[in-house]
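Asks: Got a structure for you, questions after.
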Amino acid sequence: SPTESKTTDVVLDLQEKAPMFDIKTTLLKKILFPGDKATANVRVLNLGDLKNIDVELESMILDSKNNIYDSKKETFAIDNSVDKQVFLRLPDKLPIGDYFFSSKVSYRNISAKSYDSFKILENVINFGVLTFYLITAIIITLIALTSAVLARKIKNKNEEEEISE
């Protein structure tokens, strides 16, 4: 009004647009053997208000001491969500035990992680075991053949003795 004036303080809280991620890692097999390929379905959700951005997905095989046995990085664009199938190779000499398939999605300094666990069992079909079974089969076959030959010789000898009498 022309005669009276009032003022009010106003605080504006302007926030920058930012991504916010959720990620889920699901292994297709929970029991694997050394040398196998570990396959996981990875679902990334962008729950923030910054859309159509390029993110980095890092996947790795870890043990409980954070030793890395294989890893892979890839970059892709995400709007709302992305589903990916990620493959990592297990070393041929990986010890028996519990391991983790870890996935991490990142955009600048924002990231989210998830993992799924699996077991490594001893691969019972290896060259040492196959060699043992092969040698055992050969020995049994030789014993059977030797027994058959000896039985035939004894039978022939008995028949010769009967004829000569």
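Asks: Tell me the residue from Ile110, Ile120 that is among the hydrophobic types (A, V, I, L, M, F, W, C) and over 26 Å from Asp22 (Cβ atoms), please.
Replies: Numbers: Ile110 fails: over 26 Å from Asp22 (Cβ atoms).
Only one candidate passes the filter, namely Ile120.
Asks: Looking only at residues in region 2-20 that are touching a Leu at 6+ places or on another chain (Cβ under 9 Å) and loosely packed, with under 10 Cβ neighbours inside 10 Å, which one is modelled with the highest pLDDT? Full working, then the answer.
Replies: Let us first name the residues in region 2-20 that are touching a Leu at 6+ places or on another chain (Cβ under 9 Å), namely 16-20.
Now narrow it down to the ones that are loosely packed, with under 10 Cβ neighbours inside 10 Å: 16-17.
Working: Glu16: 67, Lys17: 74.
Out of the qualifying residues, it is Lys17.
Asks: Name the pairs whose Cβ atoms lie under 6 Å apart, with the first residue in region 22-33 and touching a residue at least 12 places away in the same chain (Cβ under 8 Å), the second of a type in the set (Lys, Arg), and 6 or more positions between them or separate chains?
Replies: Lys24/Arg43; Ile31/Lys119
Asks: May I ask you to list the residues in region 79-119 that are of a type outside the set (Asp, Glu), open to solvent by 90 Å² or more (accessible area, probe 1.4 Å) and assigned to a loop (DSSP other than H, G, I, E, B)?
Replies: Applying the first criterion (of a type outside the set (Asp, Glu)) to region 79-119 yields 80-82, 84-91, 93-97, 99-115, 117-119.
Next, only the ones that are open to solvent by 90 Å² or more (accessible area, probe 1.4 Å) stay: 85, 89, 93, 96, 108-109, 113, 115, 119.
Scanning region 79-119 gives Lys93, Ile96, Arg108, Asn109.
Asks: May I ask you to verify whether Lys157 is part of a loop (DSSP other than H, G, I, E, B), exposed (fewer than 11 other Cβ atoms within 10 Å of the Cβ) and among the charged types (D, E, K, R)?
Replies: no
Asks: Of the numbered conditions (1) in contact with a strand residue (DSSP E or B) (Cβ under 9 Å, 6 or more places away or on another chain); (2) more than 19 Å from Lys119 (Cα to Cα), Lys17 fails exactly one; give the number of that condition.
Replies: (1)
Asks: Here's a check for you: in region 21-30, which residue that is open to solvent by less than 40 Å² (accessible area, probe 1.4 Å) and either of a type outside the set (A, V, I, L, M) or farther than 28 Å from Ile120 by Cα (or both) is modelled with the lowest pLDDT? Outline the logic, then answer.
Replies: As a first pass, look at region 21-30 and keep what is open to solvent by less than 40 Å² (accessible area, probe 1.4 Å): 21, 23, 25, 27.
Within this subset, residues satisfying the condition of being either of a type outside the set (A, V, I, L, M) or farther than 28 Å from Ile120 by Cα (or both) are 21, 25.
Details: Phe21: 94, Thr25: 98.
Among residues in region 21-30 that are open to solvent by less than 40 Å² (accessible area, probe 1.4 Å) and either of a type outside the set (A, V, I, L, M) or farther than 28 Å from Ile120 by Cα (or both), the one modelled with the lowest pLDDT is Phe21.
Asks: When the residues of region 84-126 are filtered to those that are under 16 Å from Glu58 (Cα atoms) and of a type in the set (Val, Ile, Thr), which remaining residue is farthest from the chain's Cα centre (by Cα)?
Replies: Checked region 84-126; the qualifying residue farthest from the chain's Cα centre (by Cα) is Ile110.
The values are calculated or read from the model by the stated rules, or taken from the named source; none is laboratory data. Here the structure is a predicted model, which means the values were calculated and not measured. For neighbour counting, all protein chains shown are included, and Cβ atoms are generated from backbone atoms with ideal geometry for every residue, glycine included. Calculation scope for accessible area: heavy atoms of the full protein, side chains included, ligands and nucleic acids excluded. Shrake-Rupley method; radii C 1.70, N 1.55, O 1.52, S 1.80 Å.
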